[in-house]
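Notes for the one structure printed next.
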């Protein structure tokens, strides 16, 4: 695990992007404080939290969903992928092979969930994960321990990342952006924290899969039905900021998912 001072060099206030100062309590607790705004962010169970107490809109709706399903999410995925895709590794390699990872890289997954993708990333790299759901992060931590892998985890919002500019060699996101409050802002944030020249990847479900799977499961239907617009990779690609190039979009996993990749310039 990276030392605390190295981790702190990556972090900033998620709202103002100003530096944060570590404050140690007499009981050994740690929080990060913005000297100008006096905003503070606590570390709980080894995970820094940058999420306000109140989450609104679609973010709150799906935060609640993922907190609810976190205990069974990993197991359900394994069973589904074993039946549909000849195993989870084959399924995840359809998009993970798009990543350009070299030894020594800092690799972050935005919306890392239960950390399932980390299990299939090899090499001498430094892994980081951020998610809005505490339930998913706790499950991720358990899985990392079982896999004997290390990753630094953060509780945060993809639309307001708590990281400085140009600090990650690899940035990727799998699942979730279709239903963010502000998809455009999330994309800008992913590009902002990526180093110039690096490749960024965004993967999520296509509309057909949402309709044929999520909307047909009784207890999940209320989270996905009645939407005002369909979801697809083209609509996400249209939201990309100007400082990207080499934009590529394709359907993968039997057209269940889209895979959008692009490169940060400047």
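The values are calculated or read from the model by the stated rules, or taken from the named source; none is laboratory data. Predicted model only: the values in this text are computed from it and were never measured. As a convention, Cβ positions derive from the backbone with ideal geometry for all residues, glycine included, and neighbour counts pool all protein chains shown.
Miscellaneous remarks
- Test: residue 144 is surrounded by fewer than 23 Cβ atoms within 10 Å (Cβ to Cβ) and either in a helix (DSSP H, G or I) or touching a strand residue (DSSP E or B) at 6+ places or on another chain (Cβ under 8 Å) (or both): yes
- Residue check, residue 250 at pLDDT 95 or above and loosely packed, with under 15 Cβ neighbours inside 10 Å: yes
- Only one of the numbered conditions (1) surrounded by 15 or more Cβ atoms within 10 Å (Cβ to Cβ); (2) part of a loop (DSSP other than H, G, I, E, B) is not met by residue 63, and that is (2).
- Residue satisfying condition, being in contact with a strand residue (DSSP E or B) (Cβ under 7 Å, 6 or more places away or on another chain) and in contact (Cβ under 8 Å) with a residue 40 or more places away in the chain, within set 186, 158: 158
- Inspection of region 134-150 identifies no residue that is modelled with pLDDT of 95 or more and within 20 Å of residue 12 (Cα to Cα).
- Note on region 189-208: residues that are surrounded by fewer than 18 Cβ atoms within 10 Å (Cβ to Cβ) and assigned to a helix (DSSP H, G or I) total 2.
- Any hit, region 75-84, residues being touching a helix residue (DSSP H, G or I) at 6+ places or on another chain (Cβ under 9 Å) and buried (at least 16 other Cβ atoms within 10 Å of the Cβ): yes
- Checking every residue in region 17-26 against the condition of being outside any loop (DSSP other than H, G, I, E, B) and surrounded by 15 or more Cβ atoms within 10 Å (Cβ to Cβ) gives zero matches.
- Looking only at region 47-60, residues that are in contact with a strand residue (DSSP E or B) (Cβ under 9 Å, 6 or more places away or on another chain), touching a residue at least 40 places away in the same chain (Cβ under 8 Å) and part of a loop (DSSP other than H, G, I, E, B) come to 3 in all.
- Residue check, residue 93 surrounded by fewer than 18 Cβ atoms within 10 Å (Cβ to Cβ) and part of a loop (DSSP other than H, G, I, E, B): no
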